[in-house]
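Nothing in this text is a laboratory measurement; each read-out follows from the coordinates by a stated rule. Note that the structure is predicted; figures quoted are calculated from it, not measured. In this analysis, Cβ positions are derived from the backbone assuming ideal geometry, glycine residues included, and neighbour counts consider all displayed protein chains.
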Amino acid sequence: MSPADPFSGSQALVTGGGSGIGAALVHALVDAGAHVVVADLDEVAAQRVADAAGAAGAPGTARAVRLDVTDAAAVQAAVDEVVARAGRIDLLFNNAGITFGGETEDLTLAQWDAIIDVNIRGVVHGVAAAYPHMVRQGAGGSAWGGHVVNTASMGGLMAAGLITSYVMTKHAVVGLSLALRTEAAAKGVGVTVLCPAAVETPILEKGHLGRFHGRDYYLKGQGVRRPLDPDVLAAEALAAVAADRPLLVTPRPARIAWRVGRLAPAFANRAATRFVAKQRRLQARRARKQGAAA
Ligand SMILES: NC(=O)c1ccc[n+]([C@@H]2O[C@H](COP(=O)([O-])OP(=O)(O)OC[C@H]3O[C@@H](n4cnc5c(N)ncnc54)[C@H](O)[C@@H]3O)[C@@H](O)[C@H]2O)c1
């Protein structure tokens, strides 16, 4: 039961708002008239995004806070501060995320913990902090309580290796989101999970172990020619929230691959196994070229 315009005048918090998809979401929200807290571990980046988004003439506003989503008390305090100041929180974007790419035997336990802490616990902390406020605001389903938007990934719907830890965390986010949605609907709260294929952001260059190469992996693995523009994704995300859709799977080739995978899971797993083998060949070729060039 989202209102016709859930954005104008609404109170929003975006985690990981200092870069990439989060920054694009902040811009789209402010342009739609929302008052946005740009929350990021990187306070300087968050401030830069808030300044740019809240520039003169924008219908909404943005302000930056430093926030580590792995710190449950800090997430609660950030959400409570919005409620104390504005009287409510309407939109929570649990978007902060990290990735590791490479052979799973090369992943340390500390890296497993880190990705679980940010990608799963970070989302849990956001839901635990904001959802009870939204339920209260929803007044037993008689009013709009708000909307939780979790950024998962195509990796939350399909499973291919070399990003195994990431896939695990994003499947958890999809499960949390779709299950919570079935509870939340009667309480006036919406839940949407974003499952984009590769998006042109700095994450494509992060978390590489060994010979892993993010661009080869994310592009060739998901049947898309070039990464999605984050602003396009942000516009699609806001449209999905306004329409109260459960899931955004984008772009179209990724949607088709997902549907085929659902119809034929064994076929999809064999295709993913072949894809991993191909990635290893590409990595070896790249390493040979680099060796020859050195
Ligand atoms: N770019 C893609 O191809 C793609 C595709 C699907 C899903 N995603 C997901 O989108 C989300 C945003 O990623 P992005 O592509 O914009 O990456 P990004 O690296 O550009 O931005 C991630 C932001 O999260 C912040 N962050 C990291 N750890 C944090 C923490 N503990 N607390 C608070 N902030 C923290 C970083 O400082 C950074 O500003 C992630 O959840 C990612 O998994 C990305």
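So the values come out like this:
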{"quantity": "Within the stretch 120-229, trypsin sites (Lys or Arg not before Pro) in DSSP loop having at most 11 other beta-carbon neighbours inside 10 Å", "calculated": "225"}
{"quantity": "Semi-axes of the equivalent ellipsoid for the stretch 73-196, Cα gyration tensor, largest first, Å", "calculated": "30, 16, 9"}
{"quantity": "Using alpha-carbon coordinates, inclination of helix 122-138 to the longest axis of the chain, degrees", "calculated": "30 degrees"}
{"quantity": "Loop-located GluC sites (Glu not before Pro) in the stretch 158-263, at most 12 other Cβ atoms within 10 Å (DSSP)", "calculated": "none"}
{"quantity": "Over 30 Å [Cα-Cα, the chain], rounded percent", "calculated": "30 percent"}
{"quantity": "Calculated Rg and Dmax of the stretch 147-268 using C-alpha coordinates, Å", "calculated": "14.6, 48"}
{"quantity": "Principal semi-axes in Å for the stretch 1-113 [√(5λ), Cα gyration tensor, largest first]", "calculated": "28, 16, 13"}
{"quantity": "In degrees, nearest ten, helix 164-184 long axis to first principal axis of the chain (Cα)", "calculated": "30 degrees"}
